[in-house]
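> Here's a structure for you.
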Amino acid sequence: MDEASAATTTIYAIAEAMDAADYPALNRLLTHARLVDGQSGTVLTEGGDAAVAHFQSIVKIHDDGTWRTRHVTTNPQVTVDGDQVQVRSYYTVFQQTERLALQPIIVGRYQDTLQKFDGEWMLTERRYFADLIGDLSDHLTFTLSASGDSSEP
């Protein structure tokens, strides 16, 4: 597998772990990561433990133990520069719950930086941008507006 494919595989693994609410996998995948609000530049978390605690505080868990979502990451634009990879991509999050019919609930962009640790590409920074916002009421514990403003706890 080439370096660009290996790096994007890591990004897809993060999406899969989020959808499953697989916090041990997220902790490992985000061990070296800083998560940043792309709009404001605010650092939300650093490291796997902090990322897991952050997600547990803002994302609703449903009766099946998951977020009832599918994070679909598309259009990756990958730049490999030695031991660092930059990936710009789009994300669409779909959700279906007992109350909510299957629908996209948010669309945005990731700006990811990955580095190799022990031969594996790991996320070191993710900047989130929320571009289009739908019904997040069954997903988040706070209200996120289209401007990126929130009433996050």
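Each reported figure results from applying straightforward, stated rules to the coordinates on display, with no laboratory input. Note that the coordinates shown come from a computational prediction; the quantities given were computed from them, not determined experimentally. Neighbour counts run over all protein chains shown; Cβ positions are idealised from the backbone, glycine included.
> What does the charge count around residue 109 come to, taking other residues whose C-beta lies under 9 Å from its C-beta (Lys +1, Arg +1, Asp -1, Glu -1)?
After counting each charged neighbour, the total is +1.
> To continue, here is another question. Stokes-Einstein at 25 °C, 0.890 mPa s, Kirkwood radius from Cα pairs: D for the chain in µm² s⁻¹?
156
> Let me ask something additional. Pop out the ³J(HN,Hα) list for region 10-24 in order, Karplus 6.51 cos²θ - 1.76 cosθ + 1.60 with θ = phi - 60°, rounded to Hz; leave Gly and Pro as x.
4, 4, 5, 5, 5, 4, 4, 5, 4, 4, 8, 6, 8, 5, x
> Using helices alone, what [θ] at 222 nm do you get for the chain, with -39,500 (n - 2.57) per DSSP H run of 4 or more residues, divided over all residues and rounded to the nearest 500?
My calculation for the chain gives -7500 deg cm²/dmol from helical runs alone.
> Oh, and also: Once label points are set 7 Å from the Cα along Cα→Cβ at both residue 129 and residue 63, what is their separation, rounded to one decimal in nm?
That separation, rounded to one decimal, is 3.9 nm.
> If the only charges are +1 at each Lys and Arg Cβ and -1 at each Asp and Glu Cβ, what is the size of the charge dipole of the chain around the Cα centre, to the nearest 20 debye?
The calculation lands at about 240 debye.
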